[in-house]
Amino acid sequence: MGQTWEHLLFVHWTVEPDVLRSVVPPQLPIDTFGGSAWLGIVPFEVRALHLRATPPLPVGSRFLELNVRTYTTIADRPGIYFFSLDAGSRLAVAAARRTYRLPYFHARMAIARDGAWVRYCSRRDDTRWHAEYRPAGAPFNAAPGTLEHFLTERYRLYTVHPRHGVMHADIHHRPWPLQPAEARILENTMASVELPGSEPLVHFAARQDVVVWRPRRTPSERADEHRFA
C-alpha cells in the first residue's frame, strides 16, 4: 500500500540496552549506537492511504498516527521494532492489526498548526502524548555512519508472530528530508520503560511518500547484537 506522512517529529532518548532487553522479544537483537540503545516516539499525520493500484478511499485514508519504537537488525537488514502504534482511525487499526500483526491501538488524537508550530495530542486510557514542535533549520539527508542515519534510514519493520516467528515488512521511500527541530513535550506516558531525565534528540520532517509491502516470514538466520559507532 501507499501513503503520505506529514508533520513528523522524531524524538529519541538513549536507554541502557539491558533496560530495553526486558521489553523486546528475545528473537530480536537490539541495535546500539555509541554504546546506547535508543527509544523513539514519532507523531505524524497519514494522508492518501491506498492499496496498490487503487485511489485513496473517501473515508479512512487520512488520520493521525504515533509510534513508539526501537531498532533491530536481522541478516544485515536494519529495521524498526514497534512497542505500540496509536492511530485516530478505528478502520486503520483493525486492518493493520489483522494484516501486519502490529500492536496498533485506537486513540483520541488531534493536530493543529499555528504558523510553523505543530500542536499534537494523543490519548488512550492512561497513555498520553502532548507536544508542540517546529522545524528549526534547513532540510538535510543524513550521511551514512551518523546517528541521524542510524535512527531514521531503516526500510524494514519487524514483529514476532506467535506461530510464525519473526516477520518483516519492507518499506520504500526516499531518504528522509530531516530538519533540526525545536520541541516542547508537555505530557508523555507513551514509553514502555522509564526514560532518562536528559533532553531528547529531536528532528522534523515535513513530508515523506511511502510504499509498504505485505508482511513475510523472516528467514531463520543468526541475529547478533549490532553496534554502531
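The values are calculated or read from the model by the stated rules, or taken from the named source; none is laboratory data. In this text, all values refer to a predicted model and were calculated from it rather than measured experimentally. Note: ideal-geometry Cβ built from the backbone for every residue, glycine included; neighbour counts use all protein chains shown.
I need the full set of residues from region 97-145 which are within 19 Å of residue 87 (Cα to Cα) and of a type in the set (S, T, N, Q), in order please. The answer is 99, 122, 127. The set of residues from region 4-14 being in contact with a Ser or Thr (Cβ under 8 Å, 6 or more places away or on another chain) and surrounded by fewer than 22 Cβ atoms within 10 Å (Cβ to Cβ) comprises 13, 14. For region 130-141, the count of residues that are in a loop (DSSP other than H, G, I, E, B), of a type outside the set (Lys, Arg) and under 26 Å from residue 24 (Cα atoms) is zero. The number of residues in region 196-208 being modelled with pLDDT under 95 and surrounded by 11 or more Cβ atoms within 10 Å (Cβ to Cβ) comes to 1.
Just checking, does region 148-159 include any residue being over 28 Å from residue 16 (Cβ atoms), under 16 Å from the mean Cα position of the chain (by Cα) and not in a strand (DSSP E or B)? Looking for residues that are over 28 Å from residue 16 (Cβ atoms), under 16 Å from the mean Cα position of the chain (by Cα) and not in a strand (DSSP E or B), one finds none in region 148-159, hence no. Does residue 180 satisfy being assigned to a loop (DSSP other than H, G, I, E, B) and not basic (Lys, Arg)? No: the conditions fail for residue 180. Of all residues in region 24-54, those satisfying the criterion of being surrounded by 15 or more Cβ atoms within 10 Å (Cβ to Cβ), among the aliphatic types (A, V, I, L, M) and either in a loop (DSSP other than H, G, I, E, B) or without any contact (Cβ under 8 Å) to a residue 40 or more places away in the chain (or both) are 24, 28, 30, 37, 42.
Looking at region 82-120, which of its residues are assigned to a strand (DSSP E or B) and buried (at least 20 other Cβ atoms within 10 Å of the Cβ)? Of everything in region 82-120, those that are assigned to a strand (DSSP E or B) and buried (at least 20 other Cβ atoms within 10 Å of the Cβ) turn out to be 85, 86, 87, 104, 109, 118, 120. Filtering region 194-218 to residues that are part of a loop (DSSP other than H, G, I, E, B), more than 20 Å from residue 168 (Cβ to Cβ) and not charged (D, E, K, R) leaves 195, 196, 197, 198, 200. Every test in (1) more than 30 Å from residue 137 (Cβ to Cβ); (2) at pLDDT below 90; (3) of a type in the set (A, V, I, L, M, F, W, C) is passed by residue 213 save one, and that test is (2). Which ones in region 63-81 are buried (at least 19 other Cβ atoms within 10 Å of the Cβ) and among the basic types (Lys, Arg)? 69 - this is the single residue of region 63-81 that is buried (at least 19 other Cβ atoms within 10 Å of the Cβ) and among the basic types (Lys, Arg). Of the residues making up region 175-192, one or more are within 19 Å of residue 30 (Cα to Cα) and of a type outside the set (Asp, Glu).
Of all residues in region 158-176, exactly one satisfies the criterion of being over 25 Å from residue 6 (Cβ atoms) and of a type in the set (Gly, Ala, Ser), namely 165.
The condition (being surrounded by 15 or more Cβ atoms within 10 Å (Cβ to Cβ), over 15 Å from the mean Cα position of the chain (by Cα), under 27 Å from residue 49 (Cβ atoms) and touching a residue at least 12 places away in the same chain (Cβ under 8 Å)) is satisfied by just one residue among 130, 164, 168: 130.
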